[in-house]
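Just so it is clear, none of the values below were taken in a lab; they were calculated from the coordinates. Since we're looking at a predicted model, the values are computed, not measured. Positions of Cβ are generated from backbone atoms using ideal geometry, with glycine treated the same way; all protein chains shown enter the neighbour counts.
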Amino acid sequence: MSNAIEVRDLVKTYATHDGTMLQALGPISVEVPSGGFMTIVGPSGCGKSTLLKLLAGLIPKSSGSIRVSGTEVTAPHPDIGMVFQSPVLLPWKTAIENVLLPARVLGLDMAQSRERALKLLAMVGLQDFADKYPKELSGGMQQRVAIARALIHDPSILMMDEPFGALDAMTRELMNVELLRIWHEAGKTIVFVTHSIPEAVFLATQVMVLSNRPGRIADMVDIDLPGSRTLDIMSTDAFGVFASRIRSQFNSQGLL
Ligand SMILES: Nc1ncnc2c1ncn2[C@@H]1O[C@H](COP(=O)(O)OP(=O)(O)O)[C@@H](O)[C@H]1O
Ligand SMILES: [Mg+2]
């Protein structure tokens, strides 16, 4: 299997306002196979969002190398779709117009994109809501629109930064099940940042556990649970073993 993402000795240092340098992340080396689902957990401020932005080419690295879909990342990468914690939809545009926004920016064929947007809205369960405005949609529905928008240019990689953090627990669990379905259906590679250990285990094929800042890999856990999962799996012994391995990693480092 080929790798969608290959990171070697990646380091990020920010220049802060008072002129000092702050090492936020690394060195980190990791590989994510094509079609894999990597979740990233770690304490607040350890560099999770920084890592995602580096992978997507949204900010420059300080050293090391990042290869995505076989090419070195030096600028915003076209093969990546991003979903942030807040869906940031334009309130004066309908759901489908929000989904189509990147297609307009990228100058894609609009007739084809519109067709694709309708399919994506159906895939995220919003086939009847294409012409609704964001204020007419629940938080979970808005985040689904944001997922459809991230997929409009058909990237092979989807990056999600605590996308369900603002949702209530029940909606969040439903969104997790939905996301796994979308992952199977769309055949994407996904990198997903979360604060929640159960969410990290439930979704992943591999969990990256980061240390305190500067974030380094404290543990890398392959989750060999079945590919198609329902919420019931959370009460199995196998699931509990993975979750407690990650939790003990947090505890042993004083991360919680
Ligand atoms: N643009 C920036 N300039 C300076 N420091 C930053 C910048 N962005 C993030 N940081 C710092 O880098 C560290 C990691 O931030 P971040 O990646 O947002 O962590 P996380 O997402 O894990 O909470 C934090 O200490 C944060 O304050
Ligand atoms: Mg963050």
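As a rough footprinting exposure proxy, the listed residues Phe242, Phe192 were ranked by other beta carbons within 10 Å of their own, and the order from fewest upward is Phe242, Phe192. With the gyration tensor restricted to C-alpha atoms of the stretch 136-256, the semi-axes of the equivalent ellipsoid amount to 25, 16, 15 Å, longest first.
Between 0 and 90 degrees, the angle of helix 237-252 with respect to the longest Cα principal axis of the chain falls at about 60 degrees. Sorted fewest first by neighbouring Cβ atoms within 10 angstrom, Val41, Val209 come out as Val209, Val41. Along its three principal directions, the equivalent ellipsoid of the stretch 86-154 from the Cα gyration tensor extends over semi-axes of 18, 12, 10 Å, largest first. Quick one: which of Lys53/Lys188; Lys61/Lys93; Lys48/Lys119; Lys93/Lys119 span more than 26 angstrom between C-alpha atoms? Pairs exceeding the cut-off: Lys61/Lys93; Lys48/Lys119.
Report summary: the helix-based calculation at 222 nm, which adds -39500 (n - 2.57) for every DSSP H run with n ≥ 4 and divides by the residues of the chain, gives -11000 deg cm²/dmol. Gyration tensor analysis over the Cα atoms of the chain returns equivalent ellipsoid semi-axes of 29, 23, 17 Å (largest first, whole Å).
With neighbours defined as other Cβ atoms within 10 Å of a residue's Cβ, the residues Glu199, Glu173 order from fewest to most as Glu173, Glu199. The Ala238 and Thr16 beta-carbon pair, evaluated with R₀ = 45 Å, returns a calculated FRET efficiency of approximately 0.55.
Model label points for Leu101 and Leu231, set 7 angstrom from Cα along the Cα-to-Cβ axis, are 3.0 nm apart. Note down the relative contact order for the chain as a percent, whole number, built from C-alpha pairs under 8 angstrom at least six residues apart. Once divided by the residue count of the chain, the mean separation gives 25 percent. Cα centroid distance between the stretch 212-256 and the stretch 130-184, in Å? Using only Cα atoms, the two centres lie 23 Å from each other. Can you give the net charge of the other residues whose Cβ lies under 11 Å from the Cβ of Gln142, counting K and R as +1 and D and E as -1? It works out to a net charge of +3.
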